[in-house]
Each structure stands twice: as C-alpha cells, then as structure tokens.
Amino acid sequence: MDLFTHIAIPYLMGRSLDRRSEETAALVLGGVALDLDFLLMPVNWISPSFFLLVHRGITHSLFFGLFTALLVLSLASYGPVSSRIRDRSGIDLQLSRRTALFASAGVIIHLTLDLLTTRGVPLLYPLDPARWSCEIFFYSEAPLLLASLGILILSVKRGYAVDPRKALLILFLLLVLTGGVRLSDRDRALEGFGDGAAAFPAPGLFSWTVLVEDGGRVSVYSYSGPSGDPVLLESFSRLEGPLTEGLAEAIDMAEALPQVKTFRWRSYDVIVSASSRDGGWDLTFRDPVMTARMRDAPPPLRRPLSGLAFLDVRVEGGAAEMMGGPL
C-alpha cells in the first residue's frame, strides 16, 4: 500500500481512540518504519545475498518488522532526536512499554494492508521466505492514495477540526469499495480460462494481468474492466522433457546464485531459456508477467526496471556469473 495510507490509517486510529499524542506518534511510526527498507537496498547491490534486502523484504515479516519498528522508535527517542521532535511538534516521544506496544500495533496494521496487495509480504521470514498475499490491490490504488493524502493535508492545516472517526470511516469504506471492484473484475478476467489460470492486480483500478499455462506454454493476457475481454500480450515456452546433463547442471549452478534466488522470490512466475555457446551456457530467467508489462512501460523506465523482468546468467567452466547490470 502507498505511504500516505500507511500514515493516515494508524494516525486516524490513534486519534479515534483518544490516545495520547506520543502513543499515536508511536503507532504511526510503527506503521511506516517497515518501508525504511530502501536504506538496506544498497547493501544488496554491493554484496548480493538472499537475505531479502529489497523493498518488502526482510523488514516486512512479523519478527523483523517488530524489530525494525522498535529500533526506529529507540532512535526517535534518543536525546537530541527526541528534543528536535518535541521542539517541532510538541510530542514528547519516549521509549516505554506503552509506546513499544503502539509501535508494534502499527507494524500489524502495515503488514495487514500490504497482505492485501500484489505479491504481499514474507510474513513468517526467517522461518519461511514464502510471500503471503490476497492479490486484491496493486501496490498503490489511486482512490486510497488521494483520500489519504487529502485527509493528511486537512489534518495539518485544520488540526483537530478534522473528525478522525469520520475520516477513518471514509478510508475503510474506500478500502472495501475498491476491493469489491477489484474482486469483481478479477472474476470476470478469469472467465473462460481453466483452473490453472491466475490473475494479478495491474496498475489501474480496473486492470488485471492473467497468467495461463497450457502444455508447457505460458501466455500472459491483460484485462481491463471497461473493455471487457482479455488481450494476449505475449507467450513463452518452458523447457520441456528431460534436460541434458550439462544443461541441468548449469541451471543448478545458476540457481545457487543469490541474485537468482532473489529474482525467483520476487517474480510472479519464472521461465528459463538456455542456449549453448563456446562450451558454456547462456541462461535467461524471465518473469513473464513483468516482461509483458514492460512492453508498455515508458522507455526511460525500461532499463532501470529490466532487472524485475529478466536475469541473464553465464555458466562456463563449472562456475556461474551474472551478466549485465545488478538485480
């Protein structure tokens, strides 16, 4: 979910429950601390590892999410930082059992909202890296983003003149209505496909991406509620039949790379293609959903986002190495 919704909902909840300002602040802090994971991403670029140092990775689990929120709360409660917060906002934010509990509640709110969005979160990491998702919303939905932003602006300008209970009710109603529209369109998007089809929220309130596999061929369709019919974007072939011994070993070596592990973890699905060259193998790991979506991406975004669509690996002489730019 977008940043403004992650701020607005815990803020309005705290005010609706008539909590003290430092408790509401801790609730909001817990609701946004998890998205500070962008500070960890350069570590993964410098030294790739499969510790989910990506957005919606390690900090978006229950264990590490609570740890992250308490760490951020501790930093915000540190002398000079706390003094600056108090001088600017009048909030005396201190680390205590109560503020820790409210920060933890903010984490639960954040994870619950992100569970509703596409690809979800690794809720049980490090016990299990699997991503949990209801696949109802895209990463951000315009009605919720605009409503949350508007409420926050009004709250800053008009302060306590904004009724937090009414504002919170508006956000919850928008959440339900938007989710209802999404689920209704998902059912229509899947009509006519077999049980193996899967639909994923795409950018745009009425848009979905449908993934269909039939006999080793994976097809990607787009669906838009107003137009009504799925449109084929692209098709891909999976490697079929028993693989040659050399190719099977090459794929196993590539799969051991942390970049490939992370790519598989982030992808909707993965198609592997291979070609033999100079005594080695050129392998491409491709996410068919992201590849199809990239067709309509603005040219300036295609290069930076290409790592989300495919990954090239060279296997030669018993070693695998990444080709091209970072993930």
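Side notes on the structure shown:
- Any chance residue 29 is touching a Leu at 6+ places or on another chain (Cβ under 8 Å) and surrounded by 14 or more Cβ atoms within 10 Å (Cβ to Cβ): yes
- Exclusive hit being out of contact with any helix residue (DSSP H, G or I) (no Cβ under 6 Å at 6 or more places or on another chain), buried (at least 16 other Cβ atoms within 10 Å of the Cβ) and outside the structural domain of residue 255 (by TED's automatic domain parsing), set 62, 93: 62
- Entirely in region 11-103, the helices (runs of 4 or more DSSP H) that have 1 or more residues that are under 30 Å from residue 166 (Cα atoms): 21-33, 62-76, 79-89
- Residue under evaluation residue 132, criteria (1) touching a strand residue (DSSP E or B) at 6+ places or on another chain (Cβ under 9 Å); (2) modelled with pLDDT under 95, criterion not met: (2)
- Consider region 99-126 and keep the residues that are of a type in the set (Ser, Thr, Tyr) and under 29 Å from residue 21 (Cα atoms). The one that is modelled with the lowest pLDDT is 99.
- Selection within region 134-172 - acidic (Asp, Glu) and either free of Cβ contacts under 8 Å to residues at least 24 places away in the same chain or in the same structural domain as residue 209 (by TED's automatic domain parsing) (or both): 163
- The residues in region 199-218 that are small (Gly, Ala, Ser), over 15 Å from residue 182 (Cβ atoms) and touching a residue at least 24 places away in the same chain (Cβ under 8 Å) can be counted, and the count is 1.
- Taken as a whole, region 113-129 holds at least one residue that is free of Cβ contacts under 8 Å to residues at least 40 places away in the same chain and either under 23 Å from residue 26 (Cα atoms) or part of a helix (DSSP H, G or I) (or both).
- Among the residues examined, residue 88 does not qualify as touching a residue at least 60 places away in the same chain (Cβ under 8 Å) and either under 19 Å from residue 11 (Cβ atoms) or of a type in the set (D, E, K, R) (or both).
- Exactly one residue among 16, 47 is among the hydroxyl-bearing types (Ser, Thr, Tyr), closer than 25 Å to residue 168 by Cβ and surrounded by fewer than 20 Cβ atoms within 10 Å (Cβ to Cβ), and that residue is 16.
- Unmet requirement for residue 237, which otherwise passes all of (1) modelled with pLDDT of 85 or more; (2) exposed (fewer than 12 other Cβ atoms within 10 Å of the Cβ); (3) more than 25 Å from residue 196 (Cβ to Cβ): (3)
- Checked against (1) surrounded by fewer than 18 Cβ atoms within 10 Å (Cβ to Cβ); (2) under 15 Å from the mean Cα position of the chain (by Cα); (3) of a type in the set (A, V, I, L, M), residue 52 passes all but condition (1).
The values are calculated or read from the model by the stated rules, or taken from the named source; none is laboratory data. Quick caveat: nothing in here was measured; it's all calculated off a predicted structure. Every residue, glycine among them, receives a Cβ derived from its backbone with ideal geometry; neighbour counts consider all protein chains shown.
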